[in-house]
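Below is one structure; the comments refer to it alone.
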Amino acid sequence: MLKKFFILCSGADKNLLSGCSEGEQTKFVGIGATVFFTAVMAFIAGSYALYTVFDNAFIAAAFGFVWGLLIFNLDRFIVSTIRKRESFTNEFLQATPRLVLAVIIAIVISKPLEIKIFEKEINTVLLKEKNAMALNNKKEVANYFKTDLDKNKMQTDSLKSEMARKEKEVAALYNSYITEAEGTAGTKKMGKGPIFKEKFAAHRVAKAELETLKKNNETKIADLEAKAKTLQADLDKKVSDTQPVIDGFDGLMARINALGKLPLIPSLFIMLLFFAVETAPIIAKLLSPKGEYDFKLEDLETALKTTISQDVYQRQLLVKTTAEIHDKVYADIADDREIFNKQRMTAKTLMDLQADSFLEKQKKTL
């Protein structure tokens, strides 16, 4: 049962192959098995590739099954259409387009499996890239809000600086009237004289101004700080909203690019392995000598070709001969006076009828 299945996979004529030797059948069983297991690998690779895209096992398995059938059909077609020739050069030229197609198929099959095999290493590369993207994203978002935040901070600092200057002014006035009262500065007369009263009044006015300034500026600073918190919250929200996009940066294309950043040699060996598997049936057919099956198949094809050529020649000869006979028959008929006179009378009668009909039409128009 398994033998028949693999012969079916090889694309060989099972009826023709059944009359061949056991060794010849074994050769085609091996070719069919290679075609089948290549399709199985294509199914696995296609399923995994689509799983990384849709993240759904059922969709991935369905696509992988269709992809496996497609690869199976292509490989079976490639192997079954190669014919043994008398010259190896002719065979190689015949197989060159099929080899190119096999190489393309091998690359397509191997990539998803390489991604799965080196999954841990690829995840490490993607993690570094995600971290770099997250930092760059924070910088870009911060630059977007930087102007408003800097302006807010500048206004807050300006208000605080204004209050600090006023506090220094009040402190200086306080120190001035105290030292005047102690007699250590100013007029250097101890006691509360006119100068002391002036300085005390100036301090009291400045202190009232400071309290008013503080009240106004603290209200403004509170508003600015609330605005700063809102801006910072917007910044954090913008960063958190874009983070899922960065976290989702692990699709098929991202993994293929990450695979390209890993050392080339391990990936190259896996690809070469699939090259060998995919091209094995074709190379086996090219290198194997012309077998019993090939001779029988050639005999059938040449016999059919000869039969068709004979049929075509006979049909052409029949057409040519029939035409010549018809030409002679009609030439003899042309010389027959009886037929000529009959045709002459028929033509005369037809012309008389046409003339009468024309005359009637002309009378109606008068």
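The numbers here are math on the coordinates, done by the rules we state, and not lab data. These figures come from a predicted structure and were not determined experimentally. Virtual Cβ from ideal backbone geometry, glycine too; neighbours counted across all protein chains shown.
Values for this structure:
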| read-out | value |
| --- | --- |
| Shape of region 196-325, Cα gyration tensor, a/c cut at 1.5 | prolate |
| Radius of gyration and maximum dimension Dmax of the chain, Cα, Å | 50.5, 172 |
| In order through region 128-143: 3J(HN,Hα) via Karplus (6.51 cos²θ - 1.76 cosθ + 1.60), integer Hz, x for Gly, Pro | 4, 5, 5, 4, 5, 5, 5, 5, 5, 5, 5, 5, 5, 5, 5, 5 |
| Partners for Lys320 among lysines (Cα-Cα distance below 24 Å; same-chain residues under 8 apart left out) | Lys305, Lys328 |
| More than 20 Å apart - percent of Cα-Cα pairs taken over region 44-178 | 73 percent |
| Modelled FRET efficiency - R0 22 Å, Ser158 with Lys197, Cβ distances, 0.05 increments | 0.05 |
| Sorted peptide list for 275-283, 123-131, 313-321, 258-266, criterion being average Cβ within 10 angstrom, highest first | 275-283, 123-131, 258-266, 313-321 |
| Pairwise label distance in nanometres, Glu140 with Glu298, each label 7 Å out on the Cα-Cβ vector | 6.6 nm |
| Exceeding the 18 Å Cα-Cα cut-off - candidates Lys111/Lys285; Lys153/Lys227; Lys139/Lys220; Lys168/Lys214 | Lys111/Lys285; Lys139/Lys220 |
| Modelled FRET efficiency - R0 25 Å, Gln232 with Glu209, Cβ distances, 0.05 increments | 0.15 |
| Calculated FRET efficiency for the pair Gln243/Ala172, C-beta based, R₀ 51 Å, to 0.05 | 0.45 |
| Diffusion coefficient, µm² s⁻¹, Stokes-Einstein with Kirkwood Rh over alpha-carbon pairs of region 2-67 at 25 °C and 0.890 mPa s | 186 µm²/s |
